[in-house]
Amino acid sequence: MLVNSKEILKEFKRNNKAVIHFNINNLEWTKWILEECNRLNVPVILGCSESAVKYMGGFDVVYSIVTSLIKDLDIKIDVVLHLDHGHSVESCTKAIDAGFTSVMIDASCEDFNQNVLITKEVVNYAHSKNVTVEAEIGIMGQLNHDNVNFGSTTNVSDVLEFVKQTGVDSIAPAVGTVHGMYRGDLKIDYDLIHEISMKVDIPLVLHGGSGLSNEILKKCVKNGITKININSDLQDKWSLGVREYLANNNEVIDPRKIISSGMDKIKSEIDLKLNIND
Ligand code: 13P
């Protein structure tokens, strides 16, 4: 069933566990993530970025794919359809109007007051439609080719003030992780995660969860993270599977066979990530 993220996040937070947000990029990924999470009987957050929405054809297409798969595959688990990194009020509004049950408004590149204003506007509209809102504060690290920009971590009093002023449902503070397939040393500030989680009572979100071992992810959860975002690790594993398949089957032209050749590796990666709650 399609639900907003409120109860799921509340439940995972209460149990000191983390729900995994897997990004979707097309019909096949959506299908495989739903199948695997349903097989393991765990709720899932399907994150769709603005660029993935555009690639798939638009907000209505994404909503139709997700709800149709839930129906036709007889998916029993709770599923959240979440806009990942909505960069404007307009984008979040479109997602909500199409039926997304959760949105992230990412105005973290704005100054504090502007981030508050934009986030508040989204929260007001979203809550009137029973949609939950995630926001970001601080500057997340980014991986551009071989260059890593580590961003800048946020401070606790800003997070407290931001949550109080916006009424947002969950918050992604910058704590030292990086978006993209970064495999070097990270300076994750576990103390900062812990301190924020002690003072802020809404669930904390970790962006940039790929490339981190389950031990590191578990340490983040132990310190107060309730939602972990994973995109690049699934891309990495899928493309590995496809490369291997094409290297051994260079005559194959059926796109279904080519695209599906990454399925087993994606499903194994999903299983691995879900192990963090064991
Ligand atoms: P990764 O690139 O580390 O998978 O991060 C994904 C993410 O945070 C999406 O919001």
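Listing for the model above:
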read-out	value
Percent RCO, i.e. relative contact order, over the chain, from Cα pairs under 8 Å lying at least 6 residues apart	18 percent
Cβ charges +1 (Lys, Arg) and -1 (Asp, Glu), total dipole of region 130-278, debye	220 debye
Whole-angstrom Cα spans of the chain along principal axes, big to small	59, 41, 34
Full-extension gain in nm, L73 to K164, via 0.36 nm per residue minus C-alpha separation	28.7 nm
R0 of 41 Å, Cβ-Cβ distance K17-E110: FRET efficiency to nearest 0.05	0.80
Extension gain from N277 to K199, taking 0.36 nm per residue of separation minus the Cα-Cα distance	25.7 nm
Packing-based ranking, highest mean first, of 201-211, 158-168 given that Cβ atoms within 10 Å are counted	201-211, 158-168
Entries of K31/K71; K71/K267; K17/K273; K227/K257; K6/K54; K6/K199 with Cα pairs more than 23 Å apart	K227/K257; K6/K54
Separation in nanometres of the label points that stand 7 Å from Cα toward Cβ, at S213 and L27	4.1 nm
Student exercise, the chain dipole from Lys, Arg, Asp, Glu Cβ charges, in Debye to nearest 20	560 debye
Low-density loop positions, trypsin sites (Lys or Arg not before Pro), region 184-278 - DSSP coil, at most 13 other Cβ in 10 Å	K187
Ranked packing of 71-81, 98-108, most packed first, by mean Cβ within 10 Å	98-108, 71-81
Proportion of all alpha-carbon pairs of region 91-144 beyond 14 Å (%)	51 percent
Helix-derived mean residue ellipticity, 222 nm - over the chain, DSSP H n ≥ 4, -39500 (n - 2.57), to 500	-15000 deg cm²/dmol
Translational diffusion coefficient (Stokes-Einstein; Kirkwood radius from C-alpha pairs) of region 1-155 at 25 °C, 0.890 mPa s, in µm²/s	151 µm²/s
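FYI, it's all coordinate maths here, none of it is from the lab. These figures come from a predicted structure and were not determined experimentally. Methodologically, a virtual Cβ is constructed for each residue, glycine included, from the backbone with ideal geometry; neighbour enumeration extends over all protein chains shown.
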